[in-house]
Amino acid sequence: MKLETAGASALAEKEMSVHTVSDISVEVVSDSGEGAQKCGTIFGSVSAKMGNGVWTVEIIPAEVEPPPRNPAGASGIRIRLGDKEVTNWGDETNVIVAFNEQALLGRHDLNALADDAVILLENMWATHPDPAVRKEWEDAMERLSHRSYRIIEVPMEEQCLTVVDNARKGKNMFALGLLTWLFDRDLERTKEQIAFAFRTKKPIITENNIKLLELGYSWAEENLDVRYVVPGMEAAGPMVVMNGNEAIALGAVAAGLDLAAMYPITPATSVSHKLGEIFEKYGGVLHQAEDEIAAAGVAIGASYAGKCTFTITSGPGMALKTEFLGLAVMTEIPLVLVNVQRGGPSTGLPTKVEQSDLLAATYGQPGDAPHVVMAPATIGECFDIMTTARRIAEALRTVVIVLSDANLATGVAPFPRPELSPEWQAGPPDQRPIPAGAKPYDWDPETGLSRRFIPGQAGGEHTLTGLAHDERSKVAYDSDTVQRSMTMRSRKLAVFQSTLLPPEINGDPEGGDLLIVGWGSTKGAIEEAVGRARKEGLSVSSTHLTFLSPLQPGLKEIFGRFEKVMTVEINYSDIVGDPYITPENRRYGQLAMMLRAQTLVDVDCWTRVLGEPLRPGKILQAIRQHMPGGEA
Amino acid sequence: MPSENSGLDSGDLTVAALKALTPRVEAFHSAVATAVEEIRTFVTSRRGASEYRAEQAIMELGPFAVGRLNAEKFAFLLGSGERLSTEAEGVLERAEEILDGFSMGEEFHHVVVGPGEDLRDAVKDALDHVGQVFGASRAVELARDGRFEPDEHNVFLSSLAFRKWNRSERQLAPPLVVEVGNEDLLPAGLGEFLDGLVKIILVVKGPTTPAPLARLITPGTYVVQTADVAELSGLASSPHPGVALLFDEERDEQARFVHDPDAGATPSQRITVTHMPEKPSVGHGRRTPVWLEELEHLEALAKKPAGVALDVEGAVPSAPVEEVPADRLAALLLAQVDLGTPGA
Amino acid sequence: MIMPSCSLLHLADEDDDRVFEMGDYEGPIARWCSGCGDHSVLTAAQRLMADKQLKPETTVFVSGIGCSSRFPHYMNTYGFHGIHGRALPVATGVKLSRPELDVFAVMGDGDCVSIGAGHWIHATRYNLDMVALLLDNNIYGLTKKQTSPTTPRGYKSNTQPRGSYLLPMNPLEATLGVTNASFVAQTAEWIPAHLFATLKAAYEHRGFAFVRVLQRCPHFMPDLFTDAVKTPDMIEILDHPEGIRAAGIEKIYKNTTRHDPADLNRARELAEDMSAIRLGLFFRDESRPRYEETRALQKRTAREKMDLLNEDFDRYAV
């Protein structure tokens, strides 16, 4: 099949086609270090400023500097634009700019590209002096020809060399020019954004980059015959744009968490990068500990002695912290732990998303260690949740685990700028003397709650211990005390659950055929899929859980309104019908398992571990298949 | 105490002296600001009806809790502290106002002694004035425990004399920079204020007696006379109370020395003299009576003991370590008792 | 300069004229075996507190797990009896969040030298102002006689009944080898005057003061120092005006060697050489950077923070 191509010399009398779209996904891919991400970030920011919904996510190879021209080494960025708020990374890519055909192949191999994708491809490789490279190009073209992509060859190198000596350092701005024309972005705004992005560099850099931008723009204007219009929205109010990890870092500051102890681990570390940059001016200490265990210990020691603190990690790190988490629960020291989940088990997929730590977070501590587990669903919630988590940890004197994931950590999207309030901040540690006779665990027999004694409070001297203890914090092994103290620590969760509201229903609160239940970062994709399914006439609704331990109230009653309930999660579950898998031995998704145990409702699950966020299109397919009485 | 810059030179010196004390100033401001914050938190959480408490709970939980938590029920978890009486609230608000005034700015760290005025009285007044913060915080503690009796305790809402500060309060004492004329530099009376972590820098222009601060040298007091602002850092960081005399320039007749309590066990180890003025031939001019006495006192303190066998390093043997008879006995007994293998 | 992290409010209520005696620091009666070295250390710590008039409410003893880690329970101060091997991270957190508190970490040999070894190395490097006591009886006691990293080679235990296979670890040598070590001393539980003088010097040191206390375990390691106790000449006291001098012991402990604690190389040689049991100050350097100093920051009020945060948000504004 002959590929439809448009070379530099073609299109003298081009016929323009302009598509108005409400939703489109764009990618820029290159070898590592060629700046595709910078290009996409600027493009995304300008689009957000022009009123589009935007979700960008970086495409990161596993190595820092993988070999060039390698499908597995594709590095880049994906930008989804919409005429409404965009809540997830979407389905396949519609337009892609590729700096070499191997990076493009990498995306092709992952089924990332739509069948009718428009591809703007650097063509220098086709005529490369090295015959091996030319052969690779030919082979790639052959493989790509089996799909109905439209490939447009672009002489990027040749063009860029007219402005800079090293095109490797300029192609990204040329590509930005292509996209700016293609999507009719405001050229002046783009220049401003370039100036901002390179504000710390020499002025000549910005000047050259703007020249390259203009070059790409005019090349596109002369040579391309297709353009897209994504209508913008009226801004509802001031917006900010950042990724979920930056939101967690700022959220921690807003919450008055004055000390963060951590050990580097992907994909959580960028929270610490942000804190490292800004925390000190708030009087905050970011302590990089010698290991994950020490990070938990330092956070707990600091929390014990004063204000509530937090630690940041990912699955393998949380595993190392389990003994300390048990200690904090046992000694009733408030602590916030943020787990930015990645693919597991073991080292797993460090840069990729999974929601596989739910059970470990909830039940992973030896002994009975009741505590709170909650999950943000959006980037904006990553900011807000920190204040709430800290407040709950202090009110209940316990551990609160916040489960974010790699999808939120790397996704960048605008959200309404928070209206900050000093009330979010923790007050200074109480240093008033302890009245005579007060006990360090003076459990209210009804609620299990008690007042915390903090070093410095005269009259409150006691030794807290991870051993079984009584109200006075004295080691006690007698049956009555053991049973009573366990009851008191557990009771706090029930008391807390009584303050929670049932989750809202997206779709039809009255009920219907199918209820999808999700948690964490999948909310946007699930709700988009449910919206599409409802348009198809399917009786499906969804609900999204924020609190996983304790679970929000009213679930059993809500589930009763639907003929079938199914979770959608990014963790592993057996698929019924696979060899040896029976309804009896099937391993369920993690939330499904919890819901089944807690509600005794026969909750089904559709879960996938694909090393990428769930695409709404795939969820839609799953919904169609799993409708009661449907194909499945 | 409002500041009035009396002279250009001493003004510059004052700024430099205040800068040297920045850590102490910040520590003080920070403690006061934190107290203000604590009062605000306390007042907001304890006043008003239960509906208000629910509102407060939702404020503290932040926007994430909206639609997810029942604020009224959560407020219940936050503890059912007694509602604050109007009277107590009034005391807290007044105290907060007082403290707020001391949580920033440098004016109350700066004292100017007018010509002919008494240095000691000026320092005393300045400390008493700042003492308001400690009085106010005592009033807060009484009021929030419901123990504030207006007749008895209203006094706490005005100045609080230095001698009434407790040990912890003296540890937090705000540092002072005092501009004083050379004629009025009679610092001997300052001894009573050199306690806790009080730090006083006397800024003086022109000639003075040779060692005005010599009389203030006591084993636990950091004392420095210098014309070099950089030398004041030791005063600020020393974990002892201290006083400095900052000259506007180096003069032959003014001694320059440091007495650092941590520098050794004996006076001579603790004192480093960088400049000792020549002794005048007695009877010259109209020297004040203290003139020679100061100098001799300083010399006597700084003099290395003669005739004592020196250690190799040139230091005298350290001061005798106190000995507890019980220890000696225990050691002797232990040495004699056979704790050998039972049963072997 | 350390910033106080608390407000001045609570200062007001303090009974300022309190004078503390040793008894004021005593908790419940210690439940260690009779003859256990832990008792002496407990007494010395209480004596130190009385000597320094430390306030019970601003003193925190942090421990891990093991016999010696029961220590905080027997003190009338704040105490944190945490998990095995992790006393130092917890103590680090306490000191970082509240630099004005006096912090002591009490560890056994299994706690510090084995399961917590990583923390021990890094706590030495952080050099926070605290006292770290290694109560070293060369054996696991609480779990009934298992080999510890400091157990002498060939000593029979329940886990190595044919005698321990490895050479024992030398905690002094190891600590002296760590970058930024600032205070390393060794003392013995059966010489109370030296023990007290050592604790006092450790407390007075501005930085991470590591003290190894040689101890006997009457149950599981009874013979360890029998000869040394009976034959004072087996003990070599490190003597120097800048070192640790305990009054009254010189008549019994006549075997002394002169060692300047500023001399790190000599300290390492002395620590490495196992021909004598050496007590005293091996090394001290107060000029080493302290973590809480380099991390001391100006505290901000809630309002100040929100103003700053608004500025940070400006950078993300669309």
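Every number here is computed from the coordinates shown, using simple stated rules; none is lab data. In this text, all values refer to a predicted model and were calculated from it rather than measured experimentally. Virtual Cβ from ideal backbone geometry, glycine too; neighbours counted across all protein chains shown.
Could you give me D for the protein assembly as shown, from Stokes-Einstein at 25 °C and 0.890 mPa s, where the hydrodynamic radius is the Kirkwood radius over C-alpha pairs? Units µm² s⁻¹, please. Don't jump to the answer; show the numbers that get you there.
Details: Rh = 34.9 Å.
Translational D for this selection: 70 µm²/s.
Which values, in whole Å and largest first, are the semi-axes of the equivalent ellipsoid of chain C obtained as the square root of 5 times each eigenvalue of the Cα gyration tensor? Numbers along the way, then the final one.
On the way: eigenvalues 255, 98, 87 Å².
So the three semi-axes of chain C are 36, 22, 21 Å.
Once the Cα gyration tensor of the stretch C:127-260 is found, what semi-axes does its equivalent ellipsoid get, as square roots of 5 times the eigenvalues, in whole Å, sorted largest first? Kindly include the intermediate steps, with their values, before the conclusion.
Details: eigenvalues 144, 74, 33 Å².
Working through the eigenvalues yields semi-axes of 27, 19, 13 Å.
Mind ordering A:109-120, A:542-553, C:98-109 by average Cβ neighbours within 10 Å, highest first? Don't jump to the answer; show the numbers that get you there.
Values: A:109-120: 17.8, A:542-553: 21.0, C:98-109: 26.2.
Ranked from most to least packed, the peptides come out as C:98-109, A:542-553, A:109-120.
Taking the Cα-to-Cβ direction at residue A:195 and at residue C:264 and moving 7 Å from each Cα, how far apart do the two end points lie in nm?
5.2 nm
With labels modelled as points extended 7 Å from the Cα through the Cβ direction, what inter-label distance (nm, one decimal) is found for residue A:227 paired with residue C:242?
Between residue A:227 and residue C:242, the simple spin-label model gives 7.9 nm.
Divide, for the stretch B:200-250, the radius of gyration over alpha carbons by 2.2 N^0.38 Å, where N is the residue count. It would help to have the intermediate numbers written out before the result.
Numbers: Rg = 10.6 Å, N = 51, 2.2 N^0.38 = 9.8 Å.
My calculation over the Cα atoms of the stretch B:200-250 gives 1.08.
Between residue C:100 and residue B:164, what is the label-to-label distance in nm when each label sits 7 Å out along the Cα-to-Cβ direction?
Each label point lies 7 Å from its Cα, and together they span 2.1 nm.
Considering only DSSP states other than H, G, I, E and B, which chymotrypsin sites (Phe, Trp or Tyr not before Pro) in the stretch A:567-599 qualify as loop sites with at most 13 other Cβ atoms within 10 Å?
Details: sites: A:572, A:580, A:588; in loops: A:572, A:580, A:588.
Those that pass, being in a loop and sparsely packed, are A:580.
Rounded to the nearest 500, what is the 222 nm mean residue ellipticity of chain C from helices alone, with -39500 (n - 2.57) per DSSP H run of 4+ residues and division by all residues? Don't skip to the end; give the middle numbers.
On the way: 9 runs with 86 residues, N = 318.
It lands at -8000 deg cm²/dmol.
What net charge is computed for the residues neighbouring residue A:236, neighbours being all others with C-beta under 13 Å from the C-beta of residue A:236, Lys and Arg scored +1, Asp and Glu -1? Working shown, then result.
Numbers: positive: A:84, A:417; negative: A:85, A:234.
Summing Lys/Arg as +1 and Asp/Glu as -1 gives 0.
What average number of partner chain Cβ atoms lie no more than 10 Å from the Cβ of the residues making up B:163-172? Intermediate results must be reported in sequence, preceding the final value.
Details: counts 0, 0, 2, 7, 7, 9, 5, 2, 4, 3.
Per-residue shielding by partner chains comes out at 4.
Among the listed pairs C:52/C:251; A:169/A:281; A:281/A:307; A:352/A:618; A:307/C:95, give every one whose C-alpha distance is greater than 23 Å. Walk me through the numbers before you get to the answer.
Working: C:52/C:251 27 Å; A:169/A:281 34 Å; A:281/A:307 18 Å; A:352/A:618 18 Å; A:307/C:95 13 Å.
Among C:52/C:251; A:169/A:281; A:281/A:307; A:352/A:618; A:307/C:95, the Cα-Cα distance tops 23 Å for C:52/C:251; A:169/A:281.
Would you tell me the mean number of C-beta atoms belonging to other protein chains that fall within 10 Å of each C-beta in A:413-425, as a whole number? Intermediate results must be reported in sequence, preceding the final value.
Numbers: counts 0, 3, 2, 1, 6, 5, 2, 9, 6, 11, 12, 9, 9.
Shielding by partners across A:413-425 averages 6.
Based solely on C-alpha atoms, express the radius of gyration and the Dmax of the stretch A:361-473 in angstrom.
Taking only Cα atoms of the stretch A:361-473, I get Rg and Dmax of 18.0, 54 Å.
Given R₀ = 30 Å, what would the calculated FRET efficiency be for residue C:231 paired with residue C:286, taking r from the Cβ atoms and rounding to 0.05? Could you put the intermediate results ahead of the total?
Values: r = 35 Å, r/R0 = 1.17.
Once the sixth-power term is evaluated, E becomes 0.30.
For the stretch A:256-335, report the convex hull volume of the alpha-carbon atoms normalised per residue, in Å³, without decimals. Walk me through the numbers on the way to the answer.
Working: hull volume 5.9 nm³, N = 80.
Convex hull of Cα atoms, per residue: 74 Å³.
Can you quote the Å³ per residue value for the convex hull of the Cα atoms in the stretch C:40-167, rounded to an integer? Don't skip to the answer; put the middle values down first.
Details: hull volume 12.8 nm³, N = 128.
In the stretch C:40-167, the Cα convex hull volume per residue is 100 Å³.
Assuming R0 = 45 Å, what is the FRET efficiency of residue C:53 and residue B:73, from their Cβ-Cβ distance, to the nearest 0.05? Present the calculation step by step, with values, prior to reporting the outcome.
Details: r = 47 Å, r/R0 = 1.05.
Calculated transfer efficiency: 0.45.
Based on the mean of other beta carbon atoms within 10 Å per residue, what is the order of A:560-571, B:88-99, most packed first? Each step should come with its number before you reach the end.
Values: A:560-571: 22.4, B:88-99: 19.8.
Packing proxy ranking, top to bottom: A:560-571, B:88-99.
How big is the stretch C:94-179 on each of its three principal axes, counting only the C-alpha atoms and giving the largest first in Å?
Computed over the Cα atoms, the extents are 49, 27, 15 Å.
Which percentage, to the nearest 5, of the DSSP beta bridges contained in the protein assembly as shown is antiparallel?
Restricted to the protein assembly as shown, the bridges split so that about 30 percent are antiparallel.
Determine the shape class of the stretch A:89-220: with a ≥ b ≥ c the square roots of the Cα gyration tensor eigenvalues, call it rounded for a/c under 1.5, and otherwise prolate if a/b is greater than b/c, oblate otherwise. Working shown, then result.
On the way: a/c = 2.37, a/b = 1.47, b/c = 1.61.
Note, shape of the stretch A:89-220 comes out oblate.
Could you calculate the FRET efficiency of residue C:162 with residue A:618 from 1/(1 + (r/R0)^6), where r is the beta carbon distance between them and R0 is 45 Å, rounded to 0.05?
After rounding, the FRET efficiency stands at 0.15.
Enumerate the residues in the stretch C:227-255 having an amide nitrogen under 14 Å from the point lying 7 Å beyond the Cα of residue B:265 toward its Cβ.
Zone members listed by number: C:239-250.
Given the alpha-carbon gyration tensor of the stretch A:505-626, what are the semi-axes of its equivalent ellipsoid in whole angstrom, ordered largest first, with each equal to the square root of 5 times an eigenvalue?
On the way: eigenvalues 77, 64, 41 Å².
Computed over the stretch A:505-626, the values are 20, 18, 14 Å.
Could you tell me which of rounded, prolate or oblate describes chain A, using a ≥ b ≥ c as the square roots of the eigenvalues of the alpha-carbon gyration tensor, with rounded for a/c under 1.5 and, failing that, prolate when a/b is larger than b/c and oblate otherwise?
Numbers: a/c = 2.32, a/b = 1.69, b/c = 1.37.
Note, shape of chain A comes out prolate.
Using a 10 Å cut-off around each Cβ of peptide A:252-259, what is the average number of partner chain Cβ atoms that fall inside?
Numbers: counts 0, 6, 7, 1, 4, 0, 7, 4.
What the average comes to for A:252-259 is 4.
Rounded to whole Å, give me the distance from the Cα center of the stretch C:297-318 to that of the stretch B:170-226.
40 Å
Looking only at the stretch B:108-129, which residues have a backbone nitrogen under 19 Å from a spot 7 Å from the Cα of residue B:183 in the C-beta direction?
Of the residues in the stretch B:108-129, B:112-122 have backbone N under 19 Å from the label point off residue B:183.
Could you sort the peptides A:171-179, A:212-220 by per-residue average Cβ neighbour count (10 Å cutoff), highest mean leading?
Values: A:171-179: 28.3, A:212-220: 21.8.
Peptide ranking by packing, descending: A:171-179, A:212-220.
Under DSSP H, which helices of chain C have Cα atoms covering 24 Å or more of the helix axis and a Kyte-Doolittle average no less than 1.6?
Values: long enough: none.
Correct list, ordered by number: empty.
Please compute the volume of the convex hull spanned by the alpha-carbon atoms of the stretch A:39-162 and report it per residue in Å³.
Numbers: hull volume 15.4 nm³, N = 124.
Considering the Cα atoms of the stretch A:39-162, their hull volume per residue is 124 Å³.
Using a/c under 1.5 as the rounded threshold, could you call the stretch A:240-419 rounded, prolate or oblate? The axes a ≥ b ≥ c are square roots of the C-alpha gyration tensor eigenvalues, and prolate needs a/b larger than b/c, oblate otherwise.
Numbers: a/c = 1.44, a/b = 1.13, b/c = 1.27.
It comes out rounded by the Cα gyration axes.
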